[in-house]
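Notes follow the structure.
The values are calculated or read from the model by the stated rules, or taken from the named source; none is laboratory data. In this text, all values refer to a predicted model and were calculated from it rather than measured experimentally. Virtual Cβ from ideal backbone geometry, glycine too; neighbours counted across all protein chains shown.
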Ligand code: SF4
Ligand code: SF4
C-alpha cells in the first residue's frame, strides 16, 4: 500500500560482510568502550558522607514564620489556600483574645493550619501570595511515612520553633 | 618416599589451596568492583575500606541462610552436586607449575605439586568431570529449569571440549610434551612464549575456556532471563555458595592454565640477564605468574561486562561450525609450518 504520510521507511538489513562476521573486531570495539568507562570519573555521590548541596531556590517543606518578637505572622487571610493550585491548604481562623498578644501578631490568627503534603506540588505560590510573609518553603525534603493521614502536616510541624533574634547571625547567601 | 618430601608437598598443597580460595573469594569482590567501574559506579564499598570485607560478609550471609532441600529432590545427589563441583574445581591446580625451584638450605623445592608427565590430559579429565557437579545438581533438583540448565551445561561442555582439545593438539605438536611443567620450562624469556607460535590456537582455547567456565557470553546453563537460575535454581545457602565459588575457582585455574600454556607461566623477559640469584628469579617468577593470572581474570570479567549472552543455537553454531574447523585448520597449519621449519632452517 502506498504510504499517505510519506514517512514510511523500509529499513534495510544488509547481510554482514566478512569483517563483521569474524565478530572479533566488534568484540575489540566493545572492549575498548568498556575499558574507557573503567577509567572514567564516577558521578555517584557517596550519600551519607557526601551530601549534595541544595540549590538556592530549592522549595522544600513549608514553615510558618514568626516575627522578631516570636509571634506567629500568619493572619489566616486564606490567600495561600486560594492561590494553591493543588488545594493543599486548609485553615480555621480564630480571633486573638486579650493576653495573647505575645503569641499572634495580628488580631486574627490561624487556629488550625494544615497542608496536605501528598497534594502539594511545591510550586511556591502560597509563598508568593502571602501578604504577611508568613509562609516559606525553606525546609528540606518532606520525608516518607506509612499512613496517608500522617502526611497532613498541622501547625505542630509547620510553625517554626521559637528563636532568640539577638542570637541570630546574619548569613550571607 | 622420605618424610621431608611428603611434608614439603603437603605444605605446598595447603598453600596453593589457601591461595586458590582467597583469590576466588576476592574475585567475587573484584567482579563487582569491575562491573561497577565499567558502569560508572563505585561497586560495593561499605564493608571495610574499598569494600575489602565484602567477601567475608557474603560468605557469612551464605552460612546463615536457610538450607532448603526440595521435597521431591534426590537428596544424596542434590548434596553431592556442589561438592563435586568444588572438588573438581580445586584439584585442577595440582599440575600447574607456580614457579621454578627454590633452594632452601641444601634442599631444592619444586613449586609444582605434581609434575605429572600427562599433565595436560589430567587437566582435561578433571574439567570433563567438572560438568558432573552441575549436571547432577540440576538433575537432582527435580525442577524443569534446573534440568534445562543441566542439559545445556552438559552439551555445551561436550561441544567446547572438542574445540579446546583440538586447539591444544596444535600446541602439543609445537612443544612435544604433555607435561605442563616442561611446557612452561620451554618458554623461557619472552620470544619463546607459545602465544607467538600459536595465536589462533590461543584464541580458540580462550573462547573454549570461557565456555567451559560457564562465563558470559557462554553462561547459558544459569541464564537468568530464561531459566530463573539455571542449574542452581533450587539451591540455597552455602550449597549455592559452593557453586558460585567453584565458578570463580574454575576461572582462576583456567587463567593459570592459559598463562602457563601460552604466556610463559613464571617466565618473564630478560630473566637470566639481570644477574639475579636463582631464588630471586623464582620469587619474581611466581609474582609475574600471578600478575599474568590476574590479568586473565580481569579479562574474564572485562568480557563479562562487555558482551551479551549468546542464544543457544548461536552457541552451538560457534562451537561446531566455527571453532572446530578452525582448530583443525590450525593443526594442519602448525604441521605444515613445522615441516617447513625442520627442512629449511
Ligand atoms: S507550594 Fe503550591 S501546592 Fe504546595 S501548598 Fe503552596 S501553593 Fe499549594
Ligand atoms: S500564610 Fe499568609 S497567605 Fe496564608 S493565611 Fe497566613 S497570612 Fe494569609
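Observations, loosely collected:
- Residue check for residue B:77: in a helix (DSSP H, G or I) and either farther than 28 Å from residue B:290 by Cβ or within 14 Å of another protein chain (Cβ to nearest Cβ) (or both): yes
- Subset of the stretch A:62-85 [away from ligand 2 (no atom under 11 Å from the Cβ) and at pLDDT 90 or above]: A:85
- The residue list B:2, B:8, B:67 contains one member that is in contact with a strand residue (DSSP E or B) (Cβ under 8 Å, 6 or more places away or on another chain) and either away from chain A (no Cβ under 14 Å) or free of Cβ contacts under 8 Å to residues at least 12 places away in the same chain (or both), which is B:8.
- Long-range neighbours under 6 Å by Cβ, at least six apart or interchain, first residue more than 16 Å from residue A:152 (Cα to Cα) within the stretch A:79-101, second part of a loop (DSSP other than H, G, I, E, B) and more than 9 Å from ligand 2 (Cβ to nearest atom): A:96/A:107
- The one condition from (1) within 14 Å of another protein chain (Cβ to nearest Cβ); (2) in a helix (DSSP H, G or I) that residue A:20 does not meet is (1).
- Pairs with Cβ under 8 Å, 6+ apart, first in the stretch A:134-148 and farther than 23 Å from residue A:81 by Cβ and away from chain B (no Cβ under 14 Å), second part of a loop (DSSP other than H, G, I, E, B) and more than 12 Å from ligand 1 (Cβ to nearest atom): A:140/A:54
- Just one of the listed residues (B:22, B:83) is in contact (Cβ under 8 Å) with a residue 24 or more places away in the chain and closer than 29 Å to residue B:212 by Cβ, namely B:83.
- Lone qualifier among B:312, B:266, B:262 - being modelled with pLDDT under 85, touching a helix residue (DSSP H, G or I) at 6+ places or on another chain (Cβ under 7 Å) and closer than 23 Å to residue B:160 by Cβ: B:312
- Any hit, the stretch B:332-343, residues being in contact (Cβ under 8 Å) with a residue 40 or more places away in the chain, within 30 Å of residue A:33 (Cα to Cα) and buried (at least 19 other Cβ atoms within 10 Å of the Cβ): no
- Any chance residue B:301 is away from every other protein chain (no Cβ under 14 Å), in contact (Cβ under 8 Å) with a residue 40 or more places away in the chain and out of contact with any strand residue (DSSP E or B) (no Cβ under 6 Å at 6 or more places or on another chain): no
- Unmet requirement for residue B:252, which otherwise passes all of (1) surrounded by fewer than 24 Cβ atoms within 10 Å (Cβ to Cβ); (2) within 16 Å of the chain's Cα centre (by Cα): (1)
- Filtered by the rule that a residue be part of a loop (DSSP other than H, G, I, E, B) and crowded, with 17+ Cβ neighbours inside 10 Å, the stretch B:188-203 gives B:188, B:193, B:198.
- Spans of helices (runs of 4 or more DSSP H) in the stretch A:66-173 with at least 2 residues over 26 Å from residue A:54 (Cβ atoms) and within 16 Å of ligand 1 (Cβ to nearest atom): A:79-83
- Residue in the stretch A:50-59 that is under 23 Å from residue B:35 (Cβ atoms), in a loop (DSSP other than H, G, I, E, B), modelled with pLDDT under 85 and within 33 Å of the chain's Cα centre (by Cα) present: yes
- Among the residues of the stretch B:204-224, those that are part of a helix (DSSP H, G or I) and touching a residue at least 24 places away in the same chain (Cβ under 8 Å) comprise B:204, B:205, B:206, B:207, B:208, B:209, B:210, B:211, B:212, B:220, B:221, B:222.
- Residue A:6 within 30 Å of residue B:326 (Cα to Cα), away from every other protein chain (no Cβ under 13 Å) and loosely packed, with under 11 Cβ neighbours inside 10 Å: no
- Some residue of the stretch A:112-122 being farther than 19 Å from residue A:61 by Cβ, within 16 Å of ligand 2 (Cβ to nearest atom) and either away from chain B (no Cβ under 14 Å) or at pLDDT 90 or above (or both): no
- For the stretch B:14-50, residues that are within 12 Å of chain A (Cβ to nearest Cβ), touching a helix residue (DSSP H, G or I) at 6+ places or on another chain (Cβ under 6 Å) and in a helix (DSSP H, G or I) total 3.
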